[in-house]
Amino acid sequence: NYQDVLVEDQMGTNTQPAISYFGDTYSDMSVNYDLNSIGTWRVQRLNTNTTQGLEIQIEMPAGLCHINDSGKTESGWIRLDAMYRIVGETNWKSWLSGYQIAEAKTSPIRRVFRKDDLPIGQYEVQVRCSGKSGVSATKDVNTVTWSKVSSVLYDDFRRPNRALVGIRALATDQLSGGLPSITYEQTRSTVWVYNPNKGI
């Protein structure tokens, strides 16, 4: 009933490969920290201890620019710092250091930053705005917030000895914003059964 749908199944063997179509698993936390006090760190501890990667989302809801004396839009900038550490450690590790975002826009801006290949554990992250091109309430548009932090778990769904099916469908109007009803039947001609007399 649907167009451009891809289906992949694994038969439940002991050596089956990882199934496609499943990317990383994200555990998102909405934080909505105000970063407009220059130099002030905002700190958030993630609530999962299986983190392998981190993402932070920074937003400028009104855009980023400077309005000159003629009323025209010019480029404005902000600088960001971000650090992370495993909970219990004393030293922070640098992630972003003086990272500059420059734009001349009056529409919302969003940036996502990712850190990969971390030792598995529970992490905390701190972020701050370390500088702005201007602080005029009437001429500088540079309100900045740290809106979200995410824990990333790398998922390779292999699941030996379990039958799997993966379905990939483009989220167009054919899905009407929801999930389709899926019925799946799988059969096999033989089943391994333990024989206590032979010990196998």
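Placing unit charges on C-beta atoms (Lys and Arg positive, Asp and Glu negative, everything else neutral), compute the dipole magnitude of the chain about its Cα centre in debye, rounded to 20.
With Lys and Arg at +1 and Asp and Glu at -1, about 400 debye.
If the cut-off is a Cα-Cα distance under 29 Å, which lysines reach K93, setting aside same-chain residues fewer than 8 apart in sequence?
K115, K132, K148
Could you provide, to the nearest whole Å², the per residue accessible area of the chain with probe 1.4 Å? Don't skip to the answer; put the middle values down first.
Working: 12720 Å² over 200 residues.
Accessible surface, normalised per residue, equals 64 Å².
Is the shape of region 49-200 best called rounded, prolate or oblate, per the rule: a/c under 1.5 gives rounded, else a/b larger than b/c gives prolate, else oblate, with a ≥ b ≥ c the square roots of the Cα gyration tensor eigenvalues?
It comes out oblate by the Cα gyration axes.
Tell me, what % of the accessible area of the chain is carbon and sulfur with a 1.4 angstrom probe?
Details: 5910 of 12720 Å².
Roughly 46 percent of what the probe reaches on the chain is carbon or sulfur.
The values are calculated or read from the model by the stated rules, or taken from the named source; none is laboratory data. In this text, all values refer to a predicted model and were calculated from it rather than measured experimentally. With ideal geometry, Cβ positions are generated from the backbone for all residues, glycine too; neighbour counts draw on all protein chains shown. Just so you know, the surface numbers come from the protein's heavy atoms only, side chains and all, with ligands and any DNA or RNA stripped out. Shrake-Rupley method; radii C 1.70, N 1.55, O 1.52, S 1.80 Å.
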